[in-house]
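Here's the structure we're looking at; comments come further down.
The values are calculated or read from the model by the stated rules, or taken from the named source; none is laboratory data. Every value quoted in this text rests on a predicted model; they were computed, and no experiment measured them. Ideal geometry is used to build each Cβ from the backbone, glycine not excepted, and the neighbour counts take in all protein chains shown. All accessible areas refer to the heavy atoms of the entire protein, side chains included, with ligands and DNA or RNA removed. Shrake-Rupley method; radii C 1.70, N 1.55, O 1.52, S 1.80 Å.
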Amino acid sequence: MADRVTVIGWDGSPLTDAARSALAAATLVAGAGHHLALPEVPPAAERIRLGSVDLAARRIAGHRGTAVVLADGDPGFFGVVRTLRAPRHGLEVEVVPAVSSVATAFARAGMPWDDAVVVVAHGRDLRRAVNVCRAHTKVAVLTSPGAGPAELALLLGPVHRTFVICEELGTAREQVTVLTSDKAADHAWRDPNVVIVLGGTGAGTPGAGWIAGRDPGPAAARGWALPAGAYGGTPGEGESTELRAAQLARLGPRVGDLVWDIGSGTGAAAVEAARFGAAVIAVDRDADACGRAISAARHHGVQLQVVHGTAPHVLEDLPEPDVVRVGGGGAPVVAACAERRPERIVAHAANRDDAEAVGRALAEGGYAVECALLQAVDLDTTAWTERERSVVFLLSGRRTHL
């Protein structure tokens, strides 16, 4: 095992005395090509071109001597330190940090970043990173080959954002480009880069927060499954507060998810899913309902993509969902959603025949089906008399492995 492992962050500025001292004593140095070309790297040291950090860690673990790993920015922030410290390698590391590439990118843009959400985009995580960009007004994306600005822009599609693209920060080839997302796919971008993604309702709201990243929201909006009046509209059939609470509980929308809300009505379910941090596409065939959803989203400070059209046809061009709420359209719409294989689908029915039809559509689509009969009675607590009663079948489907 290496006698000593030092991880040095590099942001383009001159190395600190501690970093120089560690490099001078190194018998093995791992890093990217531009790191290994630094004049401080000892000529006699073994050099490892850093591709897979896990493979490099194995080499370091088997090395007898002093090892140094060079990494861009702060190596403890979405960096190599996590992999090197994994128990399977048994390495104890010392870290000489540098300014993170995210902090540098926002500095180049002249913007604060305590209110930004930071995500990493790899091939397998690109879709989730894009969903965060849909749902939030300020996002920093740490890109990778094949998951860069062009790919982000293509997956965002009609959701327009402003991109601040920072290429090769800290090097002589550093470049910062500002353009709209619809133009980003027309360029070839150099790696590594950081993309600051800006825009959406409420972007640029002044004022300092108290927590980094996503603000949990105003105290006035505490709780969820708020009364229909909180969304500025009269609830339609199948839009009771109690049903909405049960639907959201079964869907479990979260940051990185894309939610389809089909038959969004007042927009209450769509807005509440967005308040959980998910990206949401609200679909309704009624133009007035689409307008209400937009107003509700603006009032609650969340991002919605609202699509005016009739399901299932309008669903064909939408990006892949993680979870789906079907508020209207019955079994045909449920069957069309099942073909897109989201993890969860919820729907409701006013009578048993419709409930059985929806249940069959879910089962035939490869979903484990649950059904509950929900009854809610609204009481006037001044006289403890009944004001309104609703009875509805709640159906939920959980995707199976078939």
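Here are some notes:
- Across region 349-368, the number of residues qualifying as of a type in the set (A, V, I, L, M) and assigned to a loop (DSSP other than H, G, I, E, B) comes to 1.
- Filtering region 35-46 for residues that are surrounded by fewer than 18 Cβ atoms within 10 Å (Cβ to Cβ), farther than 24 Å from residue 174 by Cα and touching a strand residue (DSSP E or B) at 6+ places or on another chain (Cβ under 9 Å) leaves a non-empty set.
- Given (1) open to solvent by less than 30 Å² (accessible area, probe 1.4 Å); (2) farther than 18 Å from residue 235 by Cβ; (3) of a type in the set (Val, Ile, Thr), index of the condition residue 326 fails: (2)
- Residues located in region 231-269, provided they are closer than 26 Å to residue 377 by Cβ and of a type in the set (A, V, I, L, M): 243, 245, 246, 248, 249, 251, 268, 269
- Per the conditions (1) without any contact (Cβ under 8 Å) to a residue 12 or more places away in the chain; (2) surrounded by 21 or more Cβ atoms within 10 Å (Cβ to Cβ), the sole criterion not satisfied by residue 321 is (1).
- For residue 178, the conditions (1) under 23 Å from residue 50 (Cβ atoms); (2) open to solvent by 70 Å² or more (accessible area, probe 1.4 Å) are fulfilled apart from (1).
- The set of residues in region 242-262 that are in contact (Cβ under 8 Å) with a residue 40 or more places away in the chain and open to solvent by 20 Å² or more (accessible area, probe 1.4 Å) comprises 242, 250, 252, 255.
- Among the helices (runs of 4 or more DSSP H) confined to region 92-209, the ones with at least 3 residues that are under 26 Å from residue 76 (Cβ atoms) are located at 101-109, 126-135.
- Any hit, region 235-251, residues being of a type in the set (Asp, Glu) and closer than 24 Å to residue 132 by Cα: no
- Pairs where the first residue, in region 15-38, is without any contact (Cβ under 8 Å) to a residue 24 or more places away in the chain and the second is surrounded by fewer than 19 Cβ atoms within 10 Å (Cβ to Cβ) and of a type in the set (Lys, Arg), C-beta under 8 Å, 6+ apart: 33/49
- Sole residue being over 25 Å from the mean Cα position of the chain (by Cα), surrounded by fewer than 17 Cβ atoms within 10 Å (Cβ to Cβ) and farther than 19 Å from residue 280 by Cβ, chosen from 331, 368, 349, 335: 368
- Each residue in region 219-228 was checked for being at pLDDT 70 or above and loosely packed, with under 12 Cβ neighbours inside 10 Å, and 3 of them qualify.
- Region 128-143, residues that are farther than 13 Å from residue 278 by Cβ and open to solvent by 10 Å² or more (accessible area, probe 1.4 Å): 137, 138, 142, 143
- Number of the condition not met by residue 62 [criteria: (1) touching a Leu at 6+ places or on another chain (Cβ under 6 Å); (2) over 25 Å from residue 191 (Cβ atoms)]: (1)
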